[in-house]
1. What shape does the stretch 41-116 take by its C-alpha gyration tensor, where a ≥ b ≥ c are the square roots of the eigenvalues and a/c under 1.5 counts as rounded, a/b above b/c as prolate, and the rest as oblate?
2. Over the stretch 5-132, what is the relative contact order in percent, taking alpha-carbon pairs closer than 8 angstrom and at least six residues apart?
3. At 20 °C and a viscosity of 1.002 mPa s, what translational diffusion coefficient does Stokes-Einstein give for the chain, taking Rh as the Kirkwood radius over Cα pairs? Give it in µm²/s as a whole number.
4. Nearest 500 deg cm²/dmol is fine: what mean residue ellipticity at 222 nm does the chain get from its DSSP H runs of n ≥ 4 alone, each adding -39,500 (n - 2.57), divided by its residue count?
5. Label 7 Å along Cα→Cβ of residue 45; the stretch 1-24 residues with amide nitrogen under 19 Å?
6. Looking at the square roots a ≥ b ≥ c of the eigenvalues of the Cα gyration tensor of the stretch 83-137, which shape do they give, rounded for a/c under 1.5, prolate if a/b is larger than b/c, or oblate?
7. Compute the helix-to-body angle for 24-43: its Cα long axis versus the longest principal axis of the chain, expressed 0 to 90° and rounded to tens.
8. Identify the residues of the stretch 1-29 with backbone N under 12 Å of a label point that sits 7 angstrom from the Cα of residue 71 along the Cα-to-Cβ direction, or state none.
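We did not get these values from a lab; they are worked out from the coordinates using the rules stated. These numbers were taken from a predicted model, which means no experiment stands behind them. Because the Cβ atoms are built from the backbone with ideal geometry, glycine has one as well, and the counts that use them run over all protein chains shown.
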């Protein structure tokens, strides 16, 4: 399976600050949408099982670099790559791109957490199987 998941989006008023630049927290929303679409594509028919399971991914570590400001009405692409996965974590590299130029880069570490206890737990075997099909370079 490929290891580059892309999502196209536009910048709307709700994404900007009073100067017309994208508000810094909006980059996190774009990245979240990119991660969600990646999971949907990886899991395909198993998505209902994931939604109904007693565990889910949460962001445990995040590093973001803002390179250039995005503006109102810009068309962007959110590119997500799986860097690695272990028993409990999934590490991603995400880029927010406009016209083939990176405007922001995010390194994201997700932890697999039990909904009731809030404690990390081993990623379920069917999800690990799906992740293992991704070509990690």
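1. Because a/c hits 1.5 or more and a/b exceeds b/c, the stretch 41-116 counts as prolate.
2. 28 percent
3. In µm²/s, the coefficient is 136.
4. Here the helix-only value at 222 nm equals -7500 deg cm²/dmol.
5. 1-2
6. Verdict is oblate for the stretch 83-137.
7. 40 degrees
8. Residues 20-22 qualify, since their backbone N sits under 12 Å from the label point.
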